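See structure below.
The values are calculated or read from the model by the stated rules, or taken from the named source; none is laboratory data. Predicted, not measured: the structure shown is a model, and the values here were computed from it. We place every Cβ from the backbone using ideal geometry, glycine too, and count neighbours over all the protein chains shown. Accessible surface is based on the protein model in full, side chains and every heavy atom, while ligands, DNA and RNA are left aside. Shrake-Rupley method; radii C 1.70, N 1.55, O 1.52, S 1.80 Å.
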Amino acid sequence: MSYKTPETSKQAKRALISVSDKHDITSFCKALISFGYEIVSTGGTYKQLLANDVPVTEVRTVTEFPEIMDGRVKTLHPKIHGGILSRGEVDKAVLQEHQIQEIDLVAVNLYPFQQTIAKPNVRLADAIENIDIGGPAMIRAAAKNHDRVTVVVEPSDYNSIIEHLKENNGCTQIALRKKLAAKAFAHTAAYDAAICGYLSSDNNIDESTITEKAASNESTATPLPQHLVLPFEKIQTMRYGENPHQAAAFYANASMTEQGGLAGASVLQGKPLSYNNIADADAALETVKSFENPACVIVKHANPCGVAVRSSLIEAYQAAYETDPNSAFGGIIAFNKPLDVKTASKIISQQFVEVIIAPEVTKDALSVLTDKPNIRVLSTGDWYKSENLASRFELKTVSGGLLVQSSDTKMVEPDSMEVVSERTPSKDEWKDLNFAWKVVKFVKSNAIVYAKDEQTIGIGAGQMSRVYSAKIASIKAEDEGLTVAGSVMASDAFFPFRDTIDNAAKAGIKAIIQPGGSMRDKEVIEAANEYQIAMIFTRTRHFRH
């Protein structure tokens, strides 16, 4: 079959349109035509434009070659890429020789790869078919040649481009083209990053491959990738960072769309979140996710200063607040259940708070909180319905590089803990030990947590010596009128010496939970036995720097 290229005025501008997201594409093309553009399009976009009475030329008419392989190959042709990459007068002779017409505007967005892999039980073959090839090639070509070509990758830019064309006699200025080119390269980079992350994960392996691995006893655990490419998109520019002289912004990982995370939370009221607000809110949110019964976590400077579990949210809040009211002032409060009006009223009557975050906030609670419009109120959605909250990396920048680790999602349950002391914990002590172990995981090292009746009694955090963390926990408890005697103690890492056990005994600690693994474990256990303190080894460390 042969195709005849339509005769077009040499002065006519040409726009190549090929979009997966067809939102507003018809009105955009009609506007381009009014500015003198001829529209060239492919596949489904061509059919939609034709159905809406938009004058349009099909790509195969330009290339004189049909779409083949079920549409896998349609724009990968010299008459398309030559038209995009032409440098005007420099390439005039080549254009004339091969009858190539320049393309002045490229509006392309890509196959919905991210949306495809987000579907439950998606087949690897379906994901592969949604990897766009021609689209990124056209986008990159247009972005490279932005000195002459305008590239558009987001429907949200259509209106501003139309206004720009109105103001500039149907032409685009280099400043706009350069800005759009940068956005285009970011668009394809994020797209490639999503593909890289998906293919690097064992979550997408076909059943036959899994069977082969099982037969060969090969581990199916996902390792850290050799090449780490993460797509982040700026969602908020901040007034400043950790300190006023530091610039800052908040970026969301575009490949993680599940609810329950801070980046996807809805801000129901209040001022924009600051850099420190976000850091503290994340610490509070991740801590409170550890509990199933109604729980409250209050965080100050990235450390929990009060945590409690109770039968109701308002009781959990009050118990958490009583741990350390001084530190709770201006803190971040997180809940694991919908925030009700009684709890909201209690908070604003009792303390100054920067941020409140919960899976949901009832209408009555929100109406009460509007009396304090500066409080940031966030709703995350129900994270218990989210499947992939744990599948993420933690990043830390160092000079000239990046430290990457998988998230610390391990939580040892009581039935796998080891009682190493002569005395076994009582039922109530087991409950408190489990509670304290969940809390200490989120306290900065060296971390010590005293707890009783599923309430933090004292917290020592971020000290160079574990002995001093324990002393600070005791001092805080004493200052707030809380009784340490009868409490349990959790330590995020082993005790290198028996001195902390000696001090714990003096304070009245009845049971201790710690990882174990010290060269002096025997000496530490003997000290616990001297004082009739029950001691549990978890064999798991939770350093948090």
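Excluding ligands, DNA and RNA, the accessible surface per residue across the chain is 51 Å² with a 1.4 Å probe.
Counted residue by residue at 0.36 nm each, then reduced by the alpha carbon distance between them, the extension gain from Gln115 to Glu97 reaches 2.2 nm. Farthest toward the dipole's positive end in the chain, which of Tyr450, Val152, Ile356, given Cβ charges of +1 (Lys, Arg) and -1 (Asp, Glu) about the Cα centre? Ranked along the dipole, the leading option is Val152.
Between segment 497-545 and segment 302-341, what is the separation of their alpha carbon centroids in Å? Taking the Cα centre of segment 302-341 as reference, the centre of segment 497-545 is 28 Å away.
Taking the accessible area of segment 145-197, probe 1.4 Å, and keeping the other protein chains in place, the carbon and sulfur fraction comes to 54%. Output the pairs from Lys410/Lys476; Lys289/Lys396; Lys346/Lys441 with a Cα-Cα distance over 26 Å in this structure; if there are none, say none. Violating the 26 Å limit, Cα to Cα: Lys410/Lys476; Lys346/Lys441. According to the Kirkwood relation over distinct C-alpha pairs, the hydrodynamic radius of segment 405-545 is 14.5 Å. Stokes-Einstein diffusion of segment 1-131 at 4 °C, 1.567 mPa s viscosity, Kirkwood radius from Cα pairs, rounded to a whole number: 81 µm²/s.
Normalised by the residues of segment 419-513, what does the relative contact order come to in percent, with Cα pairs under 8 Å and at least six apart? Relative contact order, segment 419-513: 28 percent. Its residue count N fixes a reference of 2.2 N^0.38 Å for segment 477-545, and the Cα radius of gyration divided by that reference is 1.10. Once each part is reduced to its C-alpha centroid, what is the distance from segment 32-109 to segment 455-482 in angstrom? One Cα centre to the other: 70 Å. Distances longer than 42 Å among the Cα atoms of the chain: what percent of all pairs is that? Tail of P(r) above 42 Å: 40 percent of Cα pairs.
Simple point charges give the picture: +1 on the Cβ of Lys and Arg, -1 on the Cβ of Asp and Glu, and for the chain a dipole about the Cα centre of about 1120 debye. Using R₀ = 45 Å, calculate the FRET efficiency as 1/(1 + (r/R₀)^6) where r is the Cβ-Cβ separation of Glu67 and Glu394; round to 0.05. With a Förster radius of 45 Å, E is 0.50.
Each label point was placed 7 Å from the Cα along the Cα-to-Cβ direction; for Asn159 and Ser345 their separation is 4.2 nm.
For the chain, the relative contact order is 8 percent, taking Cα pairs closer than 8 Å that sit 6 or more residues apart in sequence and dividing their mean separation by the residue count.
Applying the Kirkwood pairwise sum to the alpha-carbon positions of segment 311-400 produces a hydrodynamic radius of 14.5 angstrom.
Would you please classify the overall shape of segment 21-62 from the alpha carbon gyration tensor, given that a ≥ b ≥ c denote the square roots of the eigenvalues, rounded means a/c under 1.5, and beyond that prolate means a/b larger than b/c while oblate covers the rest? Taking the square roots of the gyration eigenvalues as a ≥ b ≥ c, segment 21-62 is oblate.
The lysines whose alpha-carbon is closer than 30 Å to the alpha-carbon of Lys47, local same-chain residues fewer than 8 away aside, are Lys4, Lys10, Lys13, Lys22, Lys30, Lys74, Lys79, Lys119, Lys144, Lys166, Lys183. Of the beta bridges in the chain, as assigned by DSSP with both residues counted there, near 55 percent are antiparallel.
Here the accessible area of segment 444-531 is 52 percent carbon and sulfur, with a 1.4 angstrom probe and all protein chains present.
The Cα atoms of segment 334-445 define a convex hull whose projected area, averaged across directions, is 11.7 nm².
Remark: spin-label model distance Ser27-Asp147 equals 3.6 nm, labels positioned 7 Å along the Cα→Cβ axis. Remark: accessible surface ordering of Thr343, Thr362 (largest first) is Thr362, Thr343, probe radius 1.4 Å.
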